[in-house]
Amino acid sequence: MLADTHQSRLAHQIELEKLFSKNQLIPRIRQEFLSCEEIDFPAWLQEADIPQSFGLDLLTQMTLHRRATLPTLVGILRHHFETSKNPSQETADMLLKAVEAGLVDWSAVLREFVVCFTLSKDVEEELNKFQYPLPMVIKPRTLHCNRDSAYLMSAGSVILKNNHHEDDVCLDHLNRVNAIKFSIDHDTATMVRNRWKDLDKPKIGETRNDFEKRKRAFEKYDRSAHKVIALLLQEGNEFYLTHKYDKRGRTYCQGYHVNYQGAPWNKAVVQLADKEIVK
């Protein structure tokens, strides 16, 4: 019976990691445009004489940003023309061609590019839930070197961002904290409202548009966090959080929706699975 339970949780962990891999944000959005059944974007790009890689990157970035200025898009996309004499001008010319082809809109009033095509609601929700690694529902793998990962199906680095090195770091500590089993405090998660600071009114000097963006970002995060929590409860409400070092050697919990180092609500939601009375 115990072996069956372990195999079941192992299968669930592998499935969750596959979902995360499938839903890495930019590759997944590109693939949605590439394989769209309603509109043949590759054919559209070919007809408009726009390189496919540039066109797909443009559609992807506009899906993410919704609106973007000319300097922003030129900065993001100019690498497509880095071998030309003037990459920035080449990028700007191609953006004009994309507007003329109807791939994006240009607002003369706002002086910004405006998105024309967005993802379906179900794909957006899936991306929001799975674009970040989820807590593990089985005990993480033991780390043996700086390139190891606690997850079953991915490699990486035990050091955050682009600070990887092969010098000695205390892997024993990471293995100890990775092996701590957590659970969700259901009452807190469902009965206490999540809040972020400064969402009641715009900050000093903040535009109404930027304030509304912050509010929408919080609402999107909050919905996704509750869905991830519901998933963990469904998986038996026992999970593990993985950890990494930053370049100064400080330990950071690798959770986005569920994290005991996050905002007050996030900290309150996570509790130890194996509880003891402190005397």
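Of the residues ASN237, ASN194, ASN163, which exhibits the maximal mean-square fluctuation in a Gaussian network model of the chain defined by a 10 Å Cα contact cut-off? With Cα springs under 10 Å in the chain, the top fluctuation among ASN237, ASN194, ASN163 is at ASN163.
Applying a DSSP loop filter and a limit of 15 other Cβ atoms within 10 Å to the trypsin sites (Lys or Arg not before Pro) in region 13-103 leaves ARG66, LYS85. Between LEU34 and TYR221, the simple spin-label model (points 7 angstrom out along Cα→Cβ) gives 3.1 nm. Using 1/(1 + (r/R0)^6) with R0 = 22 angstrom and r between the beta carbons of ASN237 and ILE14, what's the FRET efficiency to the nearest 0.05? That pair, ASN237 with ILE14, gives E of 0.65.
Full extension of the segment from GLU276 to THR207, taken as 0.36 nm per residue of separation minus the current Cα-Cα distance, would add 19.9 nm. Note on ASP49 and TRP196: the model spin-label points, each 7 Å out from Cα along the C-beta direction, lie 4.4 nm apart. With the convex hull constructed from alpha-carbon coordinates only, region 25-115 shows a mean projected area of 5.7 nm² over all directions.
Of the GluC sites (Glu not before Pro) found in region 121-229, those that fall in a DSSP loop while having at most 11 other beta-carbon atoms within 10 Å are GLU166. Counting only alpha carbon atoms, the long axis of helix 208-234 and the longest principal axis of the chain meet at about 40°.
Across q = 0.11, 0.12, 0.14 Å⁻¹, the chain modelled as identical point scatterers on its alpha-carbon atoms has Debye log10 I(q)/I(0) values of -0.84, -0.96, -1.17, in the order of the q list. Residues whose amide H lies under 5 Å from that of GLY262, counting only those 5 or more places away or on a different chain, are LYS267; hydrogens are built 1.01 Å from N in the peptide plane.
Compared with the direct C-alpha span, the chain from ARG141 to ARG214 gains 22.6 nm at full extension, assuming 0.36 nm per residue. A simple spin-label model places the labels of THR188 and HIS173 2.4 nm from each other, with each point 7 Å out along Cα-to-Cβ. Quick check: from the Cα gyration tensor, does region 131-272 come out rounded (a/c under 1.5), prolate or oblate? In terms of gyration-tensor shape, oblate.
With a Förster radius of 25 Å applied to the C-beta separation of ASP246 and MET153, the computed FRET efficiency comes to 0.55.
Values in this text are rule-based calculations from the coordinates and carry no lab data. Because the structure is predicted, anything quoted here is derived from the model rather than measured. Counting neighbours? That spans all protein chains shown, and the Cβs are built from the backbone with ideal geometry, glycine included.
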